[in-house]
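*Asks:* Below you'll find the structure I mean.
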Amino acid sequence: MAGNLVQGAVFTVMVVRAEMLRDPAFDPELAQQVQRSPRFFLNAPVVLDLRGAAEFTHEAEFIEARDILRRHTLTLIGIQNAQPTQVDAAAAAGLASFAPNASQPSRARPVEPAPNAAPAPPRLAATATAKSRLVTQPVRSGTQIYVRGADLVVTAPVSPGAEIMADGNIHVYGVLRGRALAGAGGDAEARIFCSRLEAELVSIAGHYLVSDQLPPEQRGSAVQIALVDGRLTIVQN
Amino acid sequence: MAKVIVLTSGKGGVGKTTSAAAIASGLALRGNRTVVIDFDVGLRNLDLIMGCERRVVFDFINVINGDAKLNQALIKDKRNDNLYIFPTSQTRDKDALKRDGVERVLNELKESFDYIVCDSPAGIEHGAITALYFADSAIITTNPEVSSVRDSDRIIGILASKSRRAEHNMEPVDVHLLLTRYSLERVKKGEMLSVEDVKEILSIPLLGVIPESESVLRASNTGIPVVFDEESPAGRAYVDAVARFLGEQREMRFVQPERRSFFRALLGRA
């Protein structure tokens, strides 16, 4: 029996960047977001991302972070990207440490927004621990596919009237005629790739373009769509 | 093993009943024992198209409810001994289509027929879902225009998710495209989608292309399914479609290659 005591499971968890807790705008903005979908946030687990927040070194600071999130009905369960000293302090506050930690080589950091840019909205993107989803059959009109916390790969056409959504990237190796919404959880770095663009609507992290706004010269070609400086940008592949 | 075929489309007025009558008659002409059932409860039309409206006593709903026996409700076709018509009720509505009752009737029909052709009502509500639920094969009746194509796409999605075969993880319903009311002239003018356009969007195999033809209207009004009219292009197109359904290879007629497709025209690309 002892072998069955510990079982593995994969969860989707929201990540909050620790440096944002210092931002005075964080509190009201999070409150707003929670108010919009209270059920989604109720008792939802949160991991604190310590990348770029080396100043978090005391147990009390982690307890404070936990209390702030608790006020918004969220439950802080652990930390990520932590230095060894931070891991110890967090453990003292009863928080788990999730990989990757700062001692491991981490990916290159995304380009920081210009200093005069408006403060970025709180990033509550889901981590990509979930498995990406592969769809090999045509996505028919009226069908809705949502992939939580991961990418969606479609190797067939997506019909007009169909809607595909993912918290991560969307790849369509076929004609994209329906709606595609990447970064549905707010990840502005998500992208949409398709081998033929004839979409009704494309959206990344809430920024969208409808069919009429798609440049005619990009229609029918293989493109990728990314969010650059808050604008949806279509690049021909 | 008897096969249940549903004629469905999502959209109304595309020619489901005409096609159901023609395909059922075509299967019977090829020597198969065939019954065609009207699932359009409350909007009964199949009996008119089949020219047996004056012989209806009991109907599908009576049999589902156990008020009549199957052989009391089935009407034998005057032209072909292999063909039977199973009319529906004009006074009831789609709620009368109880799934277990329909299943019982279909199972009973399977004992004495090779093909059971179901003429579905339009829409994606209870009536249409019940008509397609037990299908082994589906013939998606589509007109060469965008709204019909989109509705067909929706119905193909429903066949793949809500049919009995889908719910029980059986081999999926075998889906065919029947393009009706096709006018080569209008395709050439860019007023209609071409066969290639429709095939590309729906990505299912093409069973047949039925040309727009006056003989279809004449057939409906006289109650003689168009396959019995050997002179008419539409009749011959249905005969071909039935042959393809039975596994024969036949060249597509009435579809010459077109130069400028509707979609390209729409997108402004020559």
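The values are calculated or read from the model by the stated rules, or taken from the named source; none is laboratory data. Source: prediction; values computed, not measured. Ideal geometry is used to build each Cβ from the backbone, glycine not excepted, and the neighbour counts take in all protein chains shown. Accessible surface areas use protein heavy atoms only, side chains included; no ligands, DNA or RNA. Shrake-Rupley method; radii C 1.70, N 1.55, O 1.52, S 1.80 Å.
*Asks:* Within region B:149-173, restricting attention to residues that are part of a helix (DSSP H, G or I) and of a type in the set (A, V, I, L, M), which residue is surrounded by the most Cβ atoms within 10 Å (Cβ to Cβ)?
*Replies:* Selected residue: B:I155.
*Asks:* Oh, and also: Among what's in region A:141-158 and is more than 8 Å from chain B (Cβ to nearest Cβ) and either outside any strand (DSSP E or B) or free of Cβ contacts under 8 Å to residues at least 12 places away in the same chain (or both), pick the residue that is surrounded by the most Cβ atoms within 10 Å (Cβ to Cβ). Show your work before the answer.
*Replies:* Looking only at region A:141-158, we keep the residues that are more than 8 Å from chain B (Cβ to nearest Cβ), and these are A:144-155, A:158.
Among the residues that remain, those that are also either outside any strand (DSSP E or B) or free of Cβ contacts under 8 Å to residues at least 12 places away in the same chain (or both) are: A:148-151, A:155.
Values: A:R148: 14, A:G149: 23, A:A150: 19, A:D151: 21, A:T155: 14.
Ranking the qualifying residues of region A:141-158, first place goes to A:G149.
*Asks:* Still on this structure, please answer the following. Taking the stated definitions as given, is B:D95 more than 24 Å from B:T34 (Cβ to Cβ), at pLDDT below 95 and part of a helix (DSSP H, G or I)? Spell out the reasoning first.
*Replies:* On the way: more than 24 Å from B:T34 (Cβ to Cβ): yes; at pLDDT below 95: yes; part of a helix (DSSP H, G or I): yes.
Yes: the conditions hold for B:D95.
*Asks:* Could you please give the count of residues in region B:27-50 that are more than 20 Å from B:I124 (Cα to Cα) and either open to solvent by 20 Å² or more (accessible area, probe 1.4 Å) or out of contact with any strand residue (DSSP E or B) (no Cβ under 9 Å at 6 or more places or on another chain) (or both)? Write out each step before concluding.
*Replies:* Keep residues of region B:27-50 that are more than 20 Å from B:I124 (Cα to Cα), which gives B:27-36, B:47-50.
Among the residues that remain, those that are also either open to solvent by 20 Å² or more (accessible area, probe 1.4 Å) or out of contact with any strand residue (DSSP E or B) (no Cβ under 9 Å at 6 or more places or on another chain) (or both) are: B:29-33, B:48-49.
Summing the residues that are more than 20 Å from B:I124 (Cα to Cα) and either open to solvent by 20 Å² or more (accessible area, probe 1.4 Å) or out of contact with any strand residue (DSSP E or B) (no Cβ under 9 Å at 6 or more places or on another chain) (or both) in region B:27-50 gives 7.
*Asks:* Out of A:A180, A:A199, report the one residue that is away from every other protein chain (no Cβ under 14 Å), under 23 Å from B:I201 (Cβ atoms) and surrounded by 22 or more Cβ atoms within 10 Å (Cβ to Cβ). Give the derivation first.
*Replies:* Details: A:A199 fails: away from every other protein chain (no Cβ under 14 Å).
The conditions single out A:A180.
*Asks:* Okay, next question. Restricted to region B:188-203, and to residues that are assigned to a loop (DSSP other than H, G, I, E, B) and under 19 Å from A:R196 (Cβ atoms), which residue is nearest to the other protein chains (Cβ to nearest Cβ)?
*Replies:* Of all residues in region B:188-203, those assigned to a loop (DSSP other than H, G, I, E, B) come to B:189-194, B:203.
Subsequent filtering for residues that are under 19 Å from A:R196 (Cβ atoms) retains B:193-194, B:203.
Working: B:L193: 13, B:S194: 16, B:S203: 5 Å.
Across region B:188-203, the extreme among qualifying residues is B:S203.
Per-residue answers, yes or no, for (1) at pLDDT 95 or above; (2) open to solvent by 50 Å² or more (accessible area, probe 1.4 Å); (3) within 21 Å of A:F40 (Cα to Cα); (4) within 14 Å of chain B (Cβ to nearest Cβ):
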site: A:A118; (1), (2), (3), (4): no, yes, no, no
site: A:L124; (1), (2), (3), (4): no, no, yes, no
site: A:L134; (1), (2), (3), (4): yes, yes, no, no
site: A:V139; (1), (2), (3), (4): yes, no, no, yes
site: A:P160; (1), (2), (3), (4): no, no, no, yes
site: A:A166; (1), (2), (3), (4): yes, no, yes, no
site: A:H171; (1), (2), (3), (4): yes, no, no, no
site: A:V175; (1), (2), (3), (4): yes, no, no, yes
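*Asks:* Scanning region A:45-60 for residues that are in a loop (DSSP other than H, G, I, E, B) and open to solvent by 10 Å² or more (accessible area, probe 1.4 Å), which turns out nearest to A:M14 (Cα to Cα)? Before you say what the answer is, go through the steps one by one.
*Replies:* Of region A:45-60, the ones in a loop (DSSP other than H, G, I, E, B) are A:50-58.
Then drop every residue that is not open to solvent by 10 Å² or more (accessible area, probe 1.4 Å), which leaves A:51-52, A:54-55, A:57-58.
Details: A:R51: 15, A:G52: 18, A:A54: 20, A:E55: 22, A:T57: 22, A:H58: 23 Å.
Looking at the filtered set, the residue picked out is A:R51.
*Asks:* Also: So which of A:L209, A:L227 is open to solvent by 30 Å² or more (accessible area, probe 1.4 Å), over 19 Å from A:E163 (Cα atoms) and of a type in the set (A, V, I, L, M)?
*Replies:* Numbers: A:L209 fails: over 19 Å from A:E163 (Cα atoms).
Criteria check complete, one pass: A:L227.
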